[in-house]
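Below is one structure; the comments refer to it alone.
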Amino acid sequence: MAFHWRWDFTWDILPQLAMGALNTLLAAVLGYLIAMVIGLGFALLQRTGIWTLNRLVREVVEFIRSTPLVLQIFFVFYVGPQFGLTLMPWTAGMIAIGLHYASYLSEVYRGALDAIPRGQWEACRALNLSPQRTYAGVILPQAVPAALPGMGNYLIGIFKDTPMLSVIGVAELMHTANAIGGNNYRYLEPYTLVGLIFLLISLPAAFGIRRFESWVRRALGMGRGH
Amino acid sequence: MTVAIDKDAAAAPAPTAGQPMVRFEKVTKRYGNLVVLDQLDLDVAPNEIVSIIGPSGSGKTTVLRMLMTLEEINDGVIYVDGEPLTHMQRGGKLMRADQRHLRRLRANIGMVFQHFNLFPHMTALGNCIEAPVHVLGMPKAEAVQRAEELLEMVGLKDKMHQHPSRLSGGQQQRVAIARALAMRPKVLLFDEVTSALDPEVIGEVLNVIRDLATQHSLTMLMVTHQMGFAKEISHRVCFFYEGKIAEQGPPGELFGNPQNERTRQFLSAVLDAG
């Protein structure tokens, strides 16, 4: 069968795919926000000094990181109802992907926090700063620049993982392309466009993230060189 | 020689008799089986300047770190200005201090570290107002004014808007001294504050400490390898050996006529090297 690209079909499906792309972006951003907050919780809970709590959170994070995201999505959506937890596809998807990336981000945070020299903590103690102020004023502002590269990678990562939400019917880009393909028996154009759209968003985002990293470093006065 | 020392010592405010500002009472610190400090007794009078010298591993830095509550003690009690620091009194009995008690007592003590430990994301000024604003609740304008005075005192008013990465080691250490003073401690601890510095900037830091010693009422405990400086500004020098004070006395006596064999060995080793 010869390669045959239909431009009229391409233009027809583009608005639908654009809507799907918006949902993909929404899913990525929402999921990432959830992951950032819960991930910080995971990271801080592992620093409480309460041994059993540290161990428990550690095991949860390892468990989530070591099982496939798509399984977790299925699990929350299809197994949840058996335990009386019936969720909309969007809600289930956000919980699953948010938790999954929270466990990744918690490792990024943990690494960044561990990289803060012990002397910084001791200076806070010597100046009698409260634990809250120690984190908010001294530790986190220094940990953020160290965490940004890892956080940027996972922002692109979560964006590229959103197609997995299509398996439970979240109407994001992949789901839209599948539906178009199934209805028209043409898969070349929708899937090619999906790839292009991902590329068009990922590449500038990666560039923007790098710019943002260096801007943050400068803003915090920790710029290397200038 | 002795005359010069007496003259310098006389320039500093004399230690006050009466209740000690700092008291270690049979304080023991262990890491596992290693005894770092062995039933240490040490009284420091208000306004007294005490230098702590000794070979590495003799427990001298540990003394400061326990006093700053960076490390917990295993046995004994530390008192600051008459109140137990490591413990609190509840119904006539001493029990381990909780965080609230530690925070209240810790306010009496400041510390300058070997590696400065300035906050790299803040300017010199920012470093000096962080704790006054957030711990003492000082209005920002007042904290800034005081910080400017302190930075001027250490000779760095023109650098106050610079971040630590733009300052030399000697300048960073002077900012660290200003930062500690901004909290108005009664006791100031100096932990080998010149050890990480290039030789040519050690003098500028020692000058600041010398000014503090002679012009301010401050109790100072100083762990140092600068024997000449310890001799010059201290009221008393303590020689630590294997977790104990092997010998102590006025600098003229300890340096001029050490009684303990270990002290003699240590002094001849460091004075030869220096």
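The values are calculated or read from the model by the stated rules, or taken from the named source; none is laboratory data. Note that the structure is predicted; figures quoted are calculated from it, not measured. Here the Cβ is made from the backbone with ideal geometry for all residues, glycine too, and neighbour counts use every protein chain on show.
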Residue check for residue A:71: in a helix (DSSP H, G or I) and within 19 Å of the chain's Cα centre (by Cα): yes
Odd one out for residue B:243 among (1) of a type outside the set (A, V, I, L, M); (2) over 19 Å from residue B:44 (Cα atoms); (3) over 15 Å from the mean Cα position of the chain (by Cα): (2)
Residue match in region B:182-196 (condition: within 14 Å of another protein chain (Cβ to nearest Cβ) and among the aromatic types (Phe, Trp, Tyr)): yes
Scan of region A:15-59 for residues that are outside any helix (DSSP H, G or I) and of a type outside the set (Gly, Ala, Ser), ordered by number: A:46, A:47, A:48, A:50
Residues of region A:169-183 satisfying the condition of being touching a Phe, Trp or Tyr at 6+ places or on another chain (Cβ under 7 Å) and either of a type outside the set (Gly, Ala, Ser) or modelled with pLDDT under 90 (or both): A:170
Of all residues in region B:137-149 being part of a helix (DSSP H, G or I) and either touching a Phe, Trp or Tyr at 6+ places or on another chain (Cβ under 7 Å) or within 14 Å of chain A (Cβ to nearest Cβ) (or both), the one that is surrounded by the fewest Cβ atoms within 10 Å (Cβ to Cβ): B:140
Of the criteria (1) touching a Lys or Arg at 6+ places or on another chain (Cβ under 9 Å); (2) within 14 Å of chain B (Cβ to nearest Cβ), which one residue A:112 fails: (1)
Pairs where the first residue, in region A:119-134, is more than 7 Å from chain B (Cβ to nearest Cβ) and under 19 Å from residue B:85 (Cβ atoms) and the second is of a type in the set (Val, Ile, Thr) and surrounded by 18 or more Cβ atoms within 10 Å (Cβ to Cβ), C-beta under 7 Å, 6+ apart: A:124/A:134; A:124/A:138
Test: residue in region A:34-51 that is more than 14 Å from every other protein chain (Cβ to nearest Cβ), surrounded by fewer than 21 Cβ atoms within 10 Å (Cβ to Cβ), more than 14 Å from the chain's Cα centre (by Cα) and over 30 Å from residue A:140 (Cα atoms): no
Candidates A:205, A:179, A:143, filtered to the one that is touching a helix residue (DSSP H, G or I) at 6+ places or on another chain (Cβ under 7 Å) and either more than 29 Å from residue B:134 (Cα to Cα) or more than 14 Å from chain B (Cβ to nearest Cβ) (or both): A:205
Members of region B:114-136 that are within 25 Å of residue B:46 (Cα to Cα) and not in a helix (DSSP H, G or I): B:114, B:135, B:136
Qualifying residue in region A:155-168 (condition: among the charged types (D, E, K, R), at pLDDT below 95 and within 29 Å of residue B:117 (Cβ to Cβ)): no
Subset of region A:47-61 [basic (Lys, Arg) and either within 15 Å of residue A:109 (Cα to Cα) or touching a residue at least 12 places away in the same chain (Cβ under 8 Å) (or both)]: A:47, A:58
Selected residue (only one of B:115, B:121, B:134, B:87 is of a type outside the set (A, V, I, L, M) and in contact (Cβ under 8 Å) with a residue 60 or more places away in the chain): B:115
Scope region B:155-203; condition acidic (Asp, Glu) and surrounded by 17 or more Cβ atoms within 10 Å (Cβ to Cβ); matching residues: B:191, B:192
Top-ranked residue in region B:105-126 [being more than 7 Å from chain A (Cβ to nearest Cβ) and within 19 Å of the chain's Cα centre (by Cα); ranked as farthest from residue B:219 (Cα to Cα)]: B:118
Residue within region B:100-113 that is in a loop (DSSP other than H, G, I, E, B) and aromatic (Phe, Trp, Tyr) present: yes
